[in-house]
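Structure first, commentary second.
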Amino acid sequence: MITIRPIPAFSDNYIWHLQHKDEHWVVDPGDADPVMRALGRNQLTGILLTHHHFDHTGGVPALKQTYECPVYGPASIESVTHPLAEGDQFSVLGGQWEVLSVPGHTLDHIALILHADGARHLFCGDTLFAAGCGRLFEGTPEQMFRSLSRLADLPSDTLVYCAHEYTLSNLKFALTAEPGNPDIEARMASASRARAEHRPTLPSTIGIELATNPFLRTQSPAIQAQTHARADSEGDTPVEIFATLRRWKDVF
């Protein structure tokens, strides 16, 4: 059995810690110190990276030096020892992994899917968030929409491990973009309870995101009406609705 735990870092990052027997891997370690505290006397077996932003890679040099471990991730990141690209597969932690290219937030962004214990575990970095998606720092709306669509096509029970605790703020926007959606309202209540009790709101699932994430719901008449009414509306195609939503969220 694989155990997956979040290691909080900075103000809202999650570094995901995966353990299988004596293997310990972390995903997107932006800070080395909390990882070392979480490991205790255990050794770090390896590091997995989704993209090059410092809050996801800043801890890699210290961890790599301390534990002399391999680093899997996009070839654009200097510290990577095992470059990954679209369609690659590899085996660690007793499971099979596959790699998807999901540009938009950054051009080098990848998503990692672990098949283990009869489940799918999606580590999506800053591409897909709970009820949200990443900003378009390098890619285009077309690229991000295509990337999100690929993730949305995964089986609905796929577990989603985002890299930030943005759920409550994203749900506030989701309620504005799609007022009256009962699934969003219920998720807001559940997420509010979790945060009040200092619990993470993650992982999510693809099914939950399809019901509550406005960036995956461009087909919703309510969202279409809200975006069409905005002065900065780009149009009514799915990509144009997505682009309007993303610009709206940027200033929300």
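Here are the numbers:
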| quantity | calculated |
| --- | --- |
| Pair list, Cβ < 8 Å and 6+ apart or interchain, from the range 224-239 residues that are under 23 Å from Gly139 (Cα atoms) to residues that are small (Gly, Ala, Ser) | Thr227/Ala177; Thr227/Ser233; Glu234/Ala243 |
| Residues (within 25 Å of Lys172 (Cβ to Cβ) and in contact with a Pro (Cβ under 9 Å, 6 or more places away or on another chain)) located in the range 77-108 | Gly104 |
| Helices (runs of 4 or more DSSP H) (entirely within the range 125-211) containing at least 2 residues that are in contact (Cβ under 8 Å) with a residue 60 or more places away in the chain and out of contact with any strand residue (DSSP E or B) (no Cβ under 8 Å at 6 or more places or on another chain) | 141-152, 167-177 |
| Candidate set: the range 234-252, residues that are farther than 11 Å from Phe215 by Cα and modelled with pLDDT of 95 or more; chosen: the one nearest to the chain's Cα centre (by Cα) | Asp250 |
| Test: residue in the range 96-109 that is closer than 15 Å to Ile47 by Cα, touching a residue at least 40 places away in the same chain (Cβ under 8 Å) and not basic (Lys, Arg) | no |
| Lone qualifier among Ala38, Ala85 - being at pLDDT 95 or above, among the aliphatic types (A, V, I, L, M) and in contact with a strand residue (DSSP E or B) (Cβ under 6 Å, 6 or more places away or on another chain) | Ala38 |
| Scan of the range 125-169 for residues that are over 10 Å from the mean Cα position of the chain (by Cα) and aromatic (Phe, Trp, Tyr), ordered by number | Phe137, Phe145, Tyr166 |
| Single residue of the range 76-104 satisfying the filter (within 17 Å of the chain's Cα centre (by Cα) and among the β-branched types (Val, Ile, Thr)) that is surrounded by the most Cβ atoms within 10 Å (Cβ to Cβ) | Val102 |
| Hits in the range 105-119 - residues which are farther than 13 Å from Leu93 by Cβ, buried (at least 24 other Cβ atoms within 10 Å of the Cβ) and touching a strand residue (DSSP E or B) at 6+ places or on another chain (Cβ under 7 Å) | His109, Ile110 |
| Those residues of the range 120-157 which are among the polar types (S, T, N, Q) and crowded, with 22+ Cβ neighbours inside 10 Å, in sequence order | Thr127, Ser147 |
| Conditions (1) farther than 13 Å from Ala131 by Cβ; (2) touching an Asp or Glu at 6+ places or on another chain (Cβ under 8 Å); number of the one not met by His164 | (1) |
| Residue list for the range 171-201, filter: surrounded by fewer than 15 Cβ atoms within 10 Å (Cβ to Cβ), over 15 Å from Gly132 (Cβ atoms) and under 19 Å from the mean Cα position of the chain (by Cα) | Arg195, Arg199 |
| Residue, farthest from Asn181 (Cα to Cα), within the range 95-124, restricted to residues that are of a type in the set (D, E, K, R) and part of a strand (DSSP E or B) | Glu98 |
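The values are calculated or read from the model by the stated rules, or taken from the named source; none is laboratory data. If you're wondering where the values come from, they're calculated on a predicted model, not measured in any experiment. Positions of Cβ are generated from backbone atoms using ideal geometry, with glycine treated the same way; all protein chains shown enter the neighbour counts.
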